[in-house]
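Okay, so here's the structure we're looking at.
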Amino acid sequence: MDYKATLWRKALERKGWKRLGKYRLPNDLIDFHIIHRGKLYSGRCIGAHPIGDTTQPGSIAYVITRRDLMTEGVWRLSRGGQIGMNVRDLPYN
């Protein structure tokens with residue numbers, strides 16, 4: 001699974017996304033995709049200040065800050081919209 005996740009991340013990086021952990025999150029609105037515990041979390045938040053409790057599983061802050069549970073993650077500056085997150089099965093399974 002990790003190899004497919006890496007290929008998925010690299011494909012998004014070719015489209016302008018940035019790798020989570022490699023680049024510092026800005027104080028601006030971002031879009032993100034994170035593979036966390038075998039699920040794909042996608043959403044929008046203020047990058048440097050994600051909403052929610054960093055200790056509460058399922059919150060945006062928890063998903064973004066728990067790098068030990070993250071397989072891969074990418075972000076880009078958002079064009080706008082509502083803050084929130086959804087969870088789904090991985091696109092390459």
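The values are calculated or read from the model by the stated rules, or taken from the named source; none is laboratory data. Quick caveat, the model's predicted, so the values are computed rather than measured. Ideal geometry is used to build each Cβ from the backbone, glycine not excepted, and the neighbour counts take in all protein chains shown. When the accessible area is computed, the model is the full protein with side chains, heavy atoms only, and any ligands, DNA or RNA have been set aside. Shrake-Rupley method; radii C 1.70, N 1.55, O 1.52, S 1.80 Å.
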How much accessible surface does Asp89 have with a 1.4 Å probe, in Å² rounded to 10? 100 Å²
Extension gain Thr55-Lys15, at 0.36 nm per residue separation less the Cα-Cα distance, in nm? 11.2 nm
Relative contact order of the chain, please, whole-number percent, based on alpha carbon pairs below 8 angstrom and at least 6 residues apart. 35 percent
If one builds a Gaussian network model of the chain from Cα atoms under 10 Å apart, the most fluctuating residue listed among Arg76, Arg44, Arg67 is Arg67
The list [x] 21, 15, 12; [y] 27, 20, 9; [z] 19, 16, 12 gives values of semi-axes √(5λ) of the Cα gyration tensor in Å, and only one came from this structure; which label was calculated from it? [z]
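Tell me, what is the per residue accessible area of the chain in Å², probe radius 1.4 Å?
On the way: 5690 Å² over 93 residues.
For the chain, the solvent-accessible area averages 61 Å² per residue.
Compare Met85, Met70 by solvent-accessible area with a 1.4 Å probe and give them largest first, with all protein chains kept in place. Write down the numbers at each step before the final one.
Working: Met85 60, Met70 30 Å².
Reading off the accessible areas and sorting them downward yields Met85, Met70.
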Spin-label pair Leu7/Leu69, simplified geometry with 7 Å Cα→Cβ offset, distance in nm: 2.8 nm
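How many lysine pairs in the chain, separated by 8 or more positions in sequence or lying on different chains, have Cα atoms less than 18 Å apart?
Details: Lys4/Lys15; Lys4/Lys18; Lys4/Lys39; Lys10/Lys18; Lys10/Lys22; Lys10/Lys39.
Lysine pairs, 8 or more places apart or on different chains, close enough: 6.
Summarise the accessible area of the chain (1.4 Å probe, protein heavy atoms) by the percent that is carbon and sulfur.
Values: 2690 of 5690 Å².
Its accessible area is 47 percent carbon and sulfur atoms.
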